[in-house]
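What follows is a set of notes on a single structure, which appears directly below.
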Amino acid sequence: MVDRLDVAHTLSIVDDAVLARYCRLHARADRLERALAQRKTAFYIDHLGNEKVHPGFGQLRAYDQALRGYLVEFGMTPAARSRVTTVGDAPAPADPFDEFDKPTGQPN
């Protein structure tokens, strides 16, 4: 993710905490997805004998939604890309002394 943001010129020093949070969330989602993939079925039988979807799938969906939010914040979705400016796009601050360098047309 750091490489992608760096190539897109959208990585800033102040993104460290959000990026760290994204990475932890991504790791948890990946770990849960691997654990769920090892199950033979997505269902389980509850204490009343009813077949139910394993709650891990609901948690995985919540992780996916949260990760998508981070991707939008970083401008990593097609729709968000148009709203994010790159670090190099920021206009240079105006020089406050520019007005003194302009000729006034009057002799000194």
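The values are calculated or read from the model by the stated rules, or taken from the named source; none is laboratory data. On a predicted model such as this, the values are computed, not experimentally measured, just so you know. As a convention, Cβ positions derive from the backbone with ideal geometry for all residues, glycine included, and neighbour counts pool all protein chains shown.
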Looking at Leu60, Leu67, which one is within 21 Å of Asp3 (Cα to Cα) and in contact with a helix residue (DSSP H, G or I) (Cβ under 8 Å, 6 or more places away or on another chain)? Leu67
Sort out which residues of segment 9-23 are within 13 Å of Glu73 (Cβ to Cβ) and in contact (Cβ under 8 Å) with a residue 60 or more places away in the chain, and write them in order of number. Thr10, Leu11, Ser12
Could you tell me how many of the residues in segment 45-102 are of a type in the set (Lys, Arg) and modelled with pLDDT of 85 or more? 3
Test Leu5 against the stated conditions and say whether it is touching a residue at least 60 places away in the same chain (Cβ under 8 Å), surrounded by 12 or more Cβ atoms within 10 Å (Cβ to Cβ) and assigned to a helix (DSSP H, G or I). yes
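Is there a residue being more than 26 Å from Asp6 (Cα to Cα) and part of a helix (DSSP H, G or I) anywhere in segment 48-56?
yes
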Which condition from (1) loosely packed, with under 12 Cβ neighbours inside 10 Å; (2) at pLDDT 95 or above; (3) of a type in the set (A, V, I, L, M, F, W, C) is the one that Leu25 breaks? (1)
